[in-house]
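Trainee: Before I ask anything, here is the structure I am working with.
The values are calculated or read from the model by the stated rules, or taken from the named source; none is laboratory data. On a predicted model such as this, the values are computed, not experimentally measured, just so you know. FYI the Cβ positions are ideal-geometry reconstructions off the backbone, even for glycines, and counts take in every protein chain you see.
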Amino acid sequence: MTVRLRPHHLLCILTFAGRGYSPAFTDNLAVIAGRLAAGEDIEIVEGPDDICAPLLGEVDPHCYRSSVNERDDRAANAVEQVLRRPIRLGERFALSDERIGRLRDALASGRLRSGCGGCEWHDLCSSIAEQNYREAAIAPDPS
């Protein structure tokens, strides 16, 4: 199987630590983090993805807002720079330990933060990064 992700969720999964918008959202993201940690491929998509699914039944899900689409564009550009590979619609790749490490280093140093602009979880993610991702659902590389 493949996990469908919008670009800014490539950043969110780096720091996910069991907290989120709702219990359904958190449970869903925990399952997705487990799938990614097990090596499932990612497919880059536009708009709501597998992580957004529990939010789509809300009256005005933020998944459709232009600010979130702009965040996706910024995140795709930043992740492309770090991974040195295209992050465009339809691209597929695995999130290896090496890639996770490079993305986490870039997030902690601030090089990926352009994709986080306006996100209400910014402070929580920063705190998790500052603690070397110890709380993150996708375990940090022990090296």
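Trainee: Any idea how many residues of the range 13-36 are in a loop (DSSP other than H, G, I, E, B) and under 18 Å from Gly101 (Cβ atoms)?
Mentor: Counting residues in the range 13-36 that are in a loop (DSSP other than H, G, I, E, B) and under 18 Å from Gly101 (Cβ atoms) gives 2.
Trainee: Within the range 66-113, track down each residue that is surrounded by fewer than 15 Cβ atoms within 10 Å (Cβ to Cβ) and of a type in the set (A, V, I, L, M).
Mentor: Leu89, Ala94, listed by residue number.
Trainee: Write out, first by first residue and then by second, each pair whose Cβ atoms fall under 9 Å of each other, whose residues are 6+ apart or on separate chains, and whose first residue, in the range 101-120, is touching a residue at least 60 places away in the same chain (Cβ under 8 Å) and under 20 Å from Ile138 (Cα atoms) while the second is of a type in the set (Asp, Glu) and assigned to a helix (DSSP H, G or I).
Mentor: Here the result reads Gly115/Asp72; Gly115/Asp73, each pair linking the range 101-120 to a residue that is of a type in the set (Asp, Glu) and assigned to a helix (DSSP H, G or I).
Trainee: Could you count how many residues in the range 75-121 are aliphatic (A, V, I, L, M), out of contact with any strand residue (DSSP E or B) (no Cβ under 9 Å at 6 or more places or on another chain) and part of a helix (DSSP H, G or I)?
Mentor: Within the range 75-121, residues that are aliphatic (A, V, I, L, M), out of contact with any strand residue (DSSP E or B) (no Cβ under 9 Å at 6 or more places or on another chain) and part of a helix (DSSP H, G or I) number 9.
Trainee: Sort through Cys63, Cys116 and tell me the only one that's surrounded by 15 or more Cβ atoms within 10 Å (Cβ to Cβ) and modelled with pLDDT of 85 or more.
Mentor: The conditions single out Cys116.
Trainee: Among the candidates Glu70, Glu46, which residue alone is at pLDDT 90 or above, outside any helix (DSSP H, G or I) and among the charged types (D, E, K, R)? Please lay out each step first, then the result.
Mentor: Values: Glu70 fails: outside any helix (DSSP H, G or I).
Every option except Glu46 fails the conditions.
Trainee: Please verify whether Cys125 is of a type outside the set (Gly, Ala, Ser) and either more than 15 Å from the chain's Cα centre (by Cα) or part of a helix (DSSP H, G or I) (or both), treating the condition exactly as stated.
Mentor: Yes: the conditions hold for Cys125.
Trainee: Here is a follow-up. So, in the range 128-143, how many residues would count as being assigned to a loop (DSSP other than H, G, I, E, B) and either surrounded by fewer than 12 Cβ atoms within 10 Å (Cβ to Cβ) or not aliphatic (A, V, I, L, M) (or both)?
Mentor: Of the residues in the range 128-143, the ones assigned to a loop (DSSP other than H, G, I, E, B) are 131-143.
Among the residues that remain, those that are also either surrounded by fewer than 12 Cβ atoms within 10 Å (Cβ to Cβ) or not aliphatic (A, V, I, L, M) (or both) are: 131-135, 140-143.
Residues flagged as assigned to a loop (DSSP other than H, G, I, E, B) and either surrounded by fewer than 12 Cβ atoms within 10 Å (Cβ to Cβ) or not aliphatic (A, V, I, L, M) (or both) within the range 128-143 amount to 9.
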